[in-house]
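Down below is the structure, laid out as structure tokens.
The values are calculated or read from the model by the stated rules, or taken from the named source; none is laboratory data. It should be emphasised that the depicted structure is a prediction, and the values quoted were computed from it without experimental measurement. Heads up, the Cβs are rebuilt from the backbone with ideal geometry, glycines too, and the neighbour counts pull from every protein chain shown.
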């Protein structure tokens, strides 16, 4: 998964529709003054990868479903399978 920070307006649709919770809104602003969506820490954005947090909890991983890319009104997300 790749999110174009400069194209994203931070509408949060991808955040709400991602079934694995792999996307969050960044705390910093892009050059257009929006807080863009970014992959969650630990979520590689690569379908099929797995991982654990430092506390031992399973980190949500991208499945490559591309719901985020389809719902994005700014066409700011690309997903590879």
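Data overview
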read-out	value
The range 1-19, residues that are surrounded by 15 or more Cβ atoms within 10 Å (Cβ to Cβ), assigned to a loop (DSSP other than H, G, I, E, B) and out of contact with any helix residue (DSSP H, G or I) (no Cβ under 6 Å at 6 or more places or on another chain)	1, 4, 5, 7, 8, 9, 10, 11
Looking only at the range 21-55, and only at residues there that are modelled with pLDDT of 70 or more and outside any loop (DSSP other than H, G, I, E, B), the one that is surrounded by the most Cβ atoms within 10 Å (Cβ to Cβ)	37
